[in-house]
Amino acid sequence: MRSDANIAGPMTDPVPGPRTESAGEDVSRETLPPMDDTPIGRAAQLAVEALGRAGEGLPRPEQTRIMVVANQKGGVGKTTTTVNLAASLALHGARVLVIDLDPQGNASTALGIDHHADVPSIYDVLVDSRPLSEVVQPVLDVEGLFCAPATIDLAGAEIELVSMVARESRLQRAIQAYEQPLDYVLIDCPPSLGLLSVNALVAGAEVLIPIQCEYYALEGLGQLLKNVDLVRGHLNPTLHVSTILLTMYDGRTRLASQVAEEVRSHFGKEVLRTSIPRSVRISEAPSYGQTVITYDPGSSGALSYIEAAREIAFRGVAVHYEPQQHGRLGHQNNQHSMAEELQ
Ligand SMILES: Nc1ncnc2c1ncn2[C@@H]1O[C@H](COP(=O)(O)OP(=O)(O)OP(=O)(O)O)[C@@H](O)[C@H]1O
Ligand SMILES: [Mg+2]
């Protein structure tokens, strides 16, 4: 990791420590033991703790886990979740590839990856069948983290793909042909359900849906679940919604806890116990070309993403060994009825 990571920024988040909504009554409450009184000392101590925790081993999957981060609703935290989970997993020693499948290129920006128009990108992979290995770049800040960037060209791919052979499975083929060992592939989808998202759903086995704890949080989710059903039925029988993550949770508002409750009652076990708090540090990090994990590792946002990554890593093992333990969404028929319920 870069040695100049800002571990003691000018301000720390009001809430150090990962949060669950049960602990989220008051966002100004601290959840870690008392420490050095000065803000800088406190931030440094939190950072050391965060990185110490990150250094602990996490189970590595036996096979590459390909996770599609999707929600056609815009601005719910897909990109933020993709890059921060990826960085957290890589800090635990996993080899992680982020595929930026959004023409906005936000994931590439957040990972500090050059993605101006001439850079070899995921567009070349999808449209010109260029090998994925020729576009993947290492993320300088975080060892073991790689990114296949998106350039603005990708905006045209949605149309260009329509007339192509195997238009839905071009990303799947590219990933299958990629020879470097990987523990995780995280695919950041655009806020739409077009051919780019379909390519992601065909390539992956797991869907991770970030849900913003705001009014109308569940609106449109039925459509996404229906698409997951369709892709599973016709193109990718392994596809399932494995993970729901509550984002931008603000424990001060009753609305956030109501939304969290509603999501948990709809989706049961797939919802991660850890939710991601609304945090200024999370939103600042991309403008420095960094994830919050390197930008401010001791902040509440970083700690929450590290904790969420830990849950995901352990769930992967549990899912592998105890398939019957799947919650409502783990079962195909239940996923189907869920899609209908949310229409
Ligand atoms: N936990 C958080 N706290 C504060 N701001 C956040 C948080 N998560 C995301 N944001 C901010 O919210 C905005 C939307 O987040 P993000 O870009 O991750 O969403 P998205 O779902 O990828 O959006 P799009 O649909 O446009 O791709 C960004 O400005 C981001 O910095
Ligand atoms: Mg995005």
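Could you work out the local net charge near Leu195, counting Lys and Arg as +1, Asp and Glu as -1, over the other residues with Cβ closer than 15 Å to its Cβ? Spelling it out: positives minus negatives among the neighbours equals -2. Ranking of Asp128, Asp183, Asp229 by neighbouring Cβ atoms within 10 Å, starting from the fewest: Asp128, Asp229, Asp183.
As a rough footprinting exposure proxy, the listed residues Leu255, Leu171, Leu58 were ranked by other beta carbons within 10 Å of their own, and the order from fewest upward is Leu255, Leu58, Leu171. Qualifying GluC sites (Glu not before Pro) in the stretch 178-229, where qualification requires a DSSP coil assignment and no more than 15 other C-beta atoms within 10 Å, comprise Glu179, Glu219.
Stretching Asp118 away from Ile159 to a fully extended chain increases their span by 12.7 nm, per 0.36 nm per residue minus the current alpha-carbon distance.
Placing unit charges on the Cβ atoms of the charged side chains and taking the dipole of the stretch 221-289 about its Cα centre, the candidate lying farthest along the positive direction among Ala256, Ser242, Asn227 is Ala256.
Taking other C-beta atoms within 10 Å as the exposure proxy, Ile244, Ile175 rank Ile175, Ile244 from fewest upward. The label-point distance for Val280 and Val127, in a model that sets each label 7 Å from Cα toward Cβ, rounds to 4.1 nm.
Estimated at 0.36 nm per residue, the fully extended path between Arg252 and Lys269 surpasses their Cα-Cα distance by 3.7 nm. Using the Kirkwood radius built from alpha carbon pairs, what does the Stokes-Einstein equation give as D for the stretch 220-322 at 10 °C and 1.306 mPa s, in µm² per second? Using the Kirkwood radius from Cα pairs, D works out to 102 µm²/s.
Taken together, the values in this text are just the output of simple stated rules run on the coordinates, not laboratory data. Remember, predicted model here, so these are calculated numbers, not experimental data. In this analysis, Cβ positions are derived from the backbone assuming ideal geometry, glycine residues included, and neighbour counts consider all displayed protein chains.
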